[in-house]
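The values are calculated or read from the model by the stated rules, or taken from the named source; none is laboratory data. Just so it is clear, the structure is predicted and the values come from calculations on it, not from any experiment. All Cβ positions, glycine included, derive from the backbone under ideal geometry; neighbour counts span all protein chains shown.
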Amino acid sequence: MKTTAPRREGGGPRRRALVTGASAGIGLAFAERLARDQYDLVLVARSRDRLEEIAKRLREERGAGVEVLAADLTQAAALRAVEEVVADDATLDLLVNNAGFGTQGRFAELDIDREEEEIRLNVVALVRLTRAALPHMIQRGRGEIVNVSSMAGFYPGPFLATYGATKAFVTSFTESLAEELRETGVRVQALCPGFTRTEFQERASIDTSQIPGFAWMSAEEVVEASLDGLSRDELVVVPGNLNRALRAGASLLPRSIVRRAMAAASRRLEE
């Protein structure tokens, strides 16, 4: 990995960012926006072919330095390899822990190996990469980490039990880190989007036909909210007025009612 930062067009060193899950959805939107903002990038995802296509386009269109790391972060050896890259990069300014997936259904009927993979990716990979990035950031007195959580982390999630629990972990973990990092110059953010037009729903076998159009956001809108939140040192970012209203409203209701409402909503998505 490079240890000296190249220069921006306007003078000053170019910033560096590493994005996981960068081949589609919110991760791809981060990569595109950061390249536009004159970051050099390290892109991580499973598909080397997709990453190479993205890297080629961003080099040509944005003049960004782009490195590609094809890795399945559910696999211990691949995760350790990416950890080493992060830990050795003394110039990394921004880490975006975006890689993740969800499963839907009755927990007792789901493939337990797939559930464990979900925990490894959504939780273990995020924790290990965050730990790898922090020492250099703390030493330099600056750096930013965005941990992509979800609105699902705010509520109990029947029929999305593992996914919601992993995202609750991500939000709590990030909030806790923020206090530990106070006065260090390093900032963290829990990004909690709601329904976002990505490949996530297809991978989770969620039928989205009954979700109204006004409930959706684009990946680009989510990234815009995240980076705007970073500029204002906002710790928990919930993109979209509707999502913020839903979070506020649900917080006023008894948890038993929220559980039942979430279960009913999840059943409709399975129909």
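Apart from one condition, R57 fits all of (1) in a helix (DSSP H, G or I); (2) charged (D, E, K, R); (3) crowded, with 16+ Cβ neighbours inside 10 Å; the exception is (3). Screening P212 against (1) at pLDDT below 80; (2) over 22 Å from L110 (Cβ atoms); (3) crowded, with 17+ Cβ neighbours inside 10 Å leaves a single unmet condition, (3). Counting only residues that are at positive phi and touching a Gly at 6+ places or on another chain (Cβ under 9 Å), the range 151-186 holds 2 of them. On inspection, A77 passes the criterion of being among the aliphatic types (A, V, I, L, M) and out of contact with any Asp or Glu (no Cβ under 7 Å at 6 or more places or on another chain).
Annotation: V68 fulfils all but one of (1) outside any helix (DSSP H, G or I); (2) within 16 Å of the chain's Cα centre (by Cα); (3) not small (G, A, S); the unmet one is (2).
Residue-wise test of (1) among the small types (G, A, S); (2) in contact with a Lys or Arg (Cβ under 6 Å, 6 or more places away or on another chain).
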site: K56; (1), (2): no, no
site: G63; (1), (2): yes, no
site: T91; (1), (2): no, yes
site: Q104; (1), (2): no, no
site: G143; (1), (2): yes, no
